[in-house]
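Since the structure comes first, as structure tokens, the remarks are kept for the end.
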Amino acid sequence: MNAHEVVCPCKKNAAKRQTIRLLFFIGLLLVAGVALTACGKEKKQEREKLVNVRVAEAEKKMVQPYLETTGTLKAYEEVTVSAEVDGIVKRITVEEGAQVEKGMLLAVVNDIDYVLERQRSESALKQAQANLANARAEFQRKEALYREELITKQQIDDVSTRLALAEGDLERAKAALETSRQKLSRTTIYSPLLGAVKEKRISAGDYVRNGTPLFQLIKVDLLKLNFTISEKDAAAVKIGQRVVFKVDSYAGRDFKGQVSLLYPHMEEKTRTLQAEAIVSNKNRDLKPGFFAKVFVYTTDPFDAVLIPVTSLIYDNSVVRVFVVDGDNKARERIVKLGAKYGELIEIKEGLRKKERVVVVGQNNLAEGVKVNVAR
């Protein structure tokens with residue numbers, strides 16, 4: 001071997017170490033590149049991640065604003081039927097809860113004393129008529145004699161006085177007979193209205209006096225619906241407005257009425273206005289005392305854009321919703337609310353009909369986020 005061709009072992013090892021370091025550095029660069037690429041992909045996937053939502057289409061419907069309150073049904077009219085004569089109750093024809101017609105017989109008071117009184121009055125009338133006839137005949141005779149100057153002026157005056165007294169007696173007898181007939185007629189007691197017997201206060205055999213309460217009757221073919229309106233809504237309620245109400249006894253059934261009375265003052269303790277509506281009850285399904293859920297319609301019907309209440313996002317005084325555009329991206333809208341109609345609410349500004357409004361998942365959204373609309 002030539003001496004110039006000999007390589008120093010130390011130099012050879014140094015070159016080897018340099019090569020290893022270069023390869024190691026290249027490996028680090030490759031690993032870092034792969035890591036950065038993977039991170040970028042993850043961030044891109046995160047940016048493109050879809051938010052699952054449910055949507056409902058904004059609808060344009062005919063609506064009619066109303067106020068919701070509670071009330072109680074009352075009898076339209078309540079009457080106490082009292083005795084108009086003294087006597088023993090002979091017969092009762094109705095019981096509590098019975099339906100009665102106007103003019104229907106309710107009870108009878110023993111009338112024997114009143115029959116006898118009528119008979120006495122009839123006899124007294126006949127006597128008065130006879131006395132008057134005699135007085136008139138005597139006056140005619142005396143008048144003829146007076147014209148011939150056969151009797152004095154005093155005698156004719158006496159006859160005239162007796163004639164006037166007889167005429168007065170006849171009028172009193174007629175009045176007494178009419179009174180006895182009226183008393184006799186009042187021994188039979190009739191219903192003054194179409195309704196029902198709320199309370200029966202006497203029994204057969206009871207002695208009653210003039211003015212003794214006998215029955216409490218209520219008119220039920222018409223009813224009154226008494227309800228209250230809060231102070232802030234009082235100006236919206238007017239006489240003649242339509243009222244719809246529901247009662248627990250007839251679930252799912254609507255009953256109608258019309259506002260007939262607004263009290264002239266506010267209740268100071270509750271800050272409410274008392275109101276009243278007239279309700280037809282021809283079938284007598286409704287009963288006085290029923291509790292009612294009341295809806296008072298305050299304006300005429302009109303078209304409005306409606307969305308579900310669940311779509312609203314409240315941020316202090318601002319109300320927002322998210323809609324989904326044609327690219328399935330979320331778009332934020334600030335809206336102005338109107339009246340609530342069950343599970344829907346009127347949107348006065350900020351939304352058009354047929355726009356897709358997010359009703360589930362809107363709290364996870366921001367402007368421009370891609371969404372997946374669940375079916």
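The values are calculated or read from the model by the stated rules, or taken from the named source; none is laboratory data. As the structure is a computational prediction, the values presented were derived from the model and not from experiment. Methodologically, a virtual Cβ is constructed for each residue, glycine included, from the backbone with ideal geometry; neighbour enumeration extends over all protein chains shown.
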Legend entry - Pair list, Cβ under 8 Å, 6 or more apart: segment 120-132 residue on the phi > 0 side of the Ramachandran plot and at pLDDT 95 or above, other residue in a helix (DSSP H, G or I) and of a type outside the set (Asp, Glu): none
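May I ask you to list the residues in segment 102-119 that are in contact (Cβ under 8 Å) with a residue 24 or more places away in the chain, in a helix (DSSP H, G or I) and not hydrophobic (A, V, I, L, M, F, W, C)?
If we filter segment 102-119 for residues that are in contact (Cβ under 8 Å) with a residue 24 or more places away in the chain, which is where we start, we get 102-111, 113-115, 117-118.
Right, trim to in a helix (DSSP H, G or I) and you get 113-115, 117-118.
Hits for segment 102-119 are Asp113, Tyr114, Glu117, Arg118.
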Legend entry - Yes/no for Ile151 being in the same structural domain as Thr93 (by TED's automatic domain parsing) and of a type in the set (Val, Ile, Thr): yes
Inset, instruction - Please work out which residue is nearest to the chain's Cα centre (by Cα), limiting yourself to segment 38-69 and to residues that are aliphatic (A, V, I, L, M), at pLDDT below 90 and outside any strand (DSSP E or B). - result: Leu50
Inset, instruction - Specify the residue that is farthest from Thr310 (Cα to Cα); the eligible residues are those in segment 354-375 that are of a type outside the set (A, V, I, L, M, F, W, C) and assigned to a strand (DSSP E or B). - result: Lys370
Legend entry - Single condition Leu351 does not satisfy, out of (1) outside any loop (DSSP other than H, G, I, E, B); (2) touching a strand residue (DSSP E or B) at 6+ places or on another chain (Cβ under 7 Å); (3) modelled with pLDDT of 90 or more: (1)
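When segment 298-322 is examined, which residues are found to be part of a strand (DSSP E or B) and either among the aromatic types (Phe, Trp, Tyr) or within 30 Å of Val237 (Cβ to Cβ) (or both)? Outline the logic, then answer.
Taking segment 298-322 first, the residues part of a strand (DSSP E or B) are 302-308, 313-315, 318-322.
Across segment 298-322, the qualifying residues are Phe302, Asp303, Ala304, Val305, Leu306, Ile307, Pro308, Tyr314, Val319, Phe322.
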Inset, instruction - Could you check how many residues of segment 71-80 are out of contact with any Pro (no Cβ under 7 Å at 6 or more places or on another chain) and at pLDDT 95 or above? - result: 2
